[in-house]
Amino acid sequence: MAYGFAEDPALSITPHLDAVDYPVEREQLVAAAADAGAPPDIINLFKCLPRSEYPNREAVQRDLSEAARRSAQGGLKDDDGVDRDRRNIGRDLVEHAPDGHTRHP
């Protein structure tokens, strides 16, 4: 095991996602993280989530990972050249794809 190279547990998002009951509103995620003493970076990350309500933990994680992916690309367009609104992450690719050509968001 490589000691000293792991993520700082204080910066982990996971405990804050476990601390709420779903469905949850974005403001409840922010409040739960603030109450648990989360660093400002995590609180701001929750504030920037695109949806106002999340039905489950997986939905929150999907939006967080999509935001990280887009941020790493510097706001570039998706693979097919379409600049999508974050509230519609991947839905067009699944709902409007030709038969047999769907891909999971």
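The values are calculated or read from the model by the stated rules, or taken from the named source; none is laboratory data. Being a predicted model, the structure only gives us computed values, none of them experimental. Cβ sites come from the backbone with ideal geometry, for glycine too, and all protein chains shown count toward neighbours.
List, please: which pairs have Cβ atoms under 7 Å, are six or more places apart or on different chains, and start with a residue in segment 43-66 that is assigned to a helix (DSSP H, G or I) and end with one that is surrounded by 14 or more Cβ atoms within 10 Å (Cβ to Cβ) and of a type in the set (G, A, S)?
Filtered contacts from segment 43-66: I43/A33; I43/A34; F46/A33.
Is segment 28-45 home to any residue that is modelled with pLDDT of 85 or more, among the acidic types (D, E) and surrounded by 11 or more Cβ atoms within 10 Å (Cβ to Cβ)?
No, segment 28-45 contains no residue that is modelled with pLDDT of 85 or more, among the acidic types (D, E) and surrounded by 11 or more Cβ atoms within 10 Å (Cβ to Cβ).
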